[in-house]
1. Within 10 Å of each candidate Cβ there may be at most 10 other Cβ atoms; applying that plus a DSSP loop requirement, which GluC sites (Glu not before Pro) in the stretch 47-137 survive?
2. Say each of LEU99 and GLU76 gets a label point 7 Å from the Cα, pointing the same way as Cα to Cβ; how far apart are those two points in nm?
3. Going by the alpha-carbon gyration tensor, a ≥ b ≥ c the square roots of its eigenvalues, is the stretch 2-81 rounded (a/c under 1.5) or, if a/c is not under 1.5, prolate (a/b greater than b/c) versus oblate?
4. Can you give me the three principal axis dimensions of the chain from its C-alpha atoms, in Å, biggest first?
5. Hey, what number do you get for the chain at 222 nm if only DSSP H runs of n ≥ 4 count, each worth -39500 (n - 2.57), divided across all residues, to the nearest 500?
6. Rounded to the nearest 5, what % of DSSP beta bridges with both residues in the chain are antiparallel?
7. At 0.36 nm per residue, and after removing the present C-alpha to C-alpha distance, how many nm does the segment from ASN106 to GLN86 gain when stretched out fully?
8. Given axes a ≥ b ≥ c from the Cα gyration tensor, I'd like to know whether the stretch 85-131 is rounded (a/c under 1.5), prolate (a/b larger than b/c) or oblate.
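Each value in this text was obtained by applying a stated rule to the coordinates, not by laboratory testing. Since this is a predicted model, take the numbers as computed values, not measurements. Neighbour counts are summed over all protein chains in view; Cβ atoms, including those assigned to glycine, are modelled from backbone coordinates with ideal geometry.
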Amino acid sequence: MKFDLVSPERRLASMQVQAVQIPGTDGDMTAMPGHMPVITTLRPGILTVTTDDGDQEFVVTGGFAEVSEGLTVLAENALPRADMTQENYDAMIKVAENLYGQAQENFVSEPGPVDEAAKMLSDMVALGDQIGLSSTR
């Protein structure tokens, strides 16, 4: 099936694939040719693309995935796993911490948005563990 991965900065991938493992906020899923149409939100994690030439991994921090005749991923932030550095990871953690702090200030008596921001920060820390980078926070 046709797969496209786009971030605000650039198109990272456009190719024919056999399967894509998606880190969804409601649980991980694998999209393959013939998958029923669905739109899901992404959590911070590794998006794994399987092609005839092997697997490629991309780090994503959020966004949406739309499965129809193909798969389009619109990521808030994405880069090839091979390009991920401690510096990139630290910047992503800082953004997640800032969002969490803002949610705590703006939603003092509304736990939902604060819980969502805390979950995102937790997912970012777990992502670092998964790819061998550490959070200094």
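1. GLU69
2. In this crude label model, LEU99 to GLU76 measures out at 0.1 nm.
3. rounded
4. So the three principal-axis extents are 47, 30, 24 Å.
5. The helix contribution divided over the chain gives -10500 deg cm²/dmol.
6. 90 percent
7. Going from the current span to full extension adds 4.2 nm.
8. Judged from the Cα gyration tensor, the stretch 85-131 comes out oblate (a/c at least 1.5, b/c at or above a/b).
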